[in-house]
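Structure, as structure tokens:
The values are calculated or read from the model by the stated rules, or taken from the named source; none is laboratory data. Worth saying up front: this structure is predicted, and the values here are computed from it rather than measured. All Cβ positions, glycine included, derive from the backbone under ideal geometry; neighbour counts span all protein chains shown.
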Amino acid sequence: MIKATAHRQVKVVYLNSRRILETKDFHLYLTSKEFYNTMRKQKVDWSDDRSIIRLVTELQENSWICEVRTELNKDDKGKIINRRLIQVWFTYPKLITVVRRFISDFSLVIDGTFSINRLRIPLLVAVSQLNSGKTFPIAFSWCPEEDIALYSYF
């Protein structure tokens, strides 16, 4: 199974991996589903500060509402070969409760902040004004750069 996971990490397709794994050296027989799920249950590498999976996992485990936008990469035949994470959007359920109760529906500002982390990944922040006149954050989004599509998804 370790060998199958290693093949997945270096992006060896199932048919090529199967030919190697079914040889007399390994005697490992996996269905395509078992092969492609080898990395699904793999533990997150918490030492990797650059892993976006680490951020998404932390948000979900701590009850944040989290949505991701991905881009599908397809081969010439239209078959999906991989997905690339484009954007992570998140908010906390209590923020939504406060928004529904205390924020008027005519004012919402979304802006990007830069240079707040080592990787210089922009953080989009949506804020509005409470009935008391104070600014209140509503939602956040990590994205590789600012563009119209990112703001539209947000």
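Out of curiosity, is Leu108 surrounded by 15 or more Cβ atoms within 10 Å (Cβ to Cβ), not assigned by TED's automatic domain parsing to the domain that holds Val12 and not small (Gly, Ala, Ser)?
Working: surrounded by 15 or more Cβ atoms within 10 Å (Cβ to Cβ): no; not assigned by TED's automatic domain parsing to the domain that holds Val12: yes; not small (Gly, Ala, Ser): yes.
Answer is no for this residue.
Specify the residue that is modelled with the lowest pLDDT; the eligible residues are those in segment 123-144 that are part of a loop (DSSP other than H, G, I, E, B) and under 15 Å from the mean Cα position of the chain (by Cα).
Initial filter on segment 123-144 (part of a loop (DSSP other than H, G, I, E, B)): 131-134, 143-144.
If we keep only those that are under 15 Å from the mean Cα position of the chain (by Cα) as well, we get 143-144.
On the way: Cys143: 79, Pro144: 75.
The residue in question is Pro144.
Tell me, please, whether a residue that is closer than 30 Å to Val125 by Cβ and either of a type in the set (Asp, Glu) or at pLDDT 75 or above (or both) can be found in segment 28-45.
Just the residues of segment 28-45 that are closer than 30 Å to Val125 by Cβ, to begin with: 44-45.
Still in the running and either of a type in the set (Asp, Glu) or at pLDDT 75 or above (or both): 45.
Checking segment 28-45: at least one residue is closer than 30 Å to Val125 by Cβ and either of a type in the set (Asp, Glu) or at pLDDT 75 or above (or both).
Looking only at segment 90-104, filter to residues that are in contact with a Ser or Thr (Cβ under 9 Å, 6 or more places away or on another chain) and either part of a loop (DSSP other than H, G, I, E, B) or modelled with pLDDT of 85 or more (or both); which one of those is nearest to Arg69 (Cα to Cα)? First the steps, then the outcome.
Pass one, segment 90-104, residues in contact with a Ser or Thr (Cβ under 9 Å, 6 or more places away or on another chain): 90, 92-93, 99, 102-104.
Still in the list and also either part of a loop (DSSP other than H, G, I, E, B) or modelled with pLDDT of 85 or more (or both): 90, 92-93, 104.
Details: Phe90: 12, Tyr92: 18, Pro93: 20, Ser104: 28 Å.
This residue is Phe90.
Please go through segment 46-74 and pick out each residue that is assigned to a helix (DSSP H, G or I), among the polar types (S, T, N, Q) and modelled with pLDDT of 80 or more. Reasoning before the result, please.
Restricting attention to segment 46-74, the residues satisfying the condition of being assigned to a helix (DSSP H, G or I) are 52-61.
Right, trim to among the polar types (S, T, N, Q) and you get 57, 60.
Within segment 46-74, just Gln60 meets the criteria.
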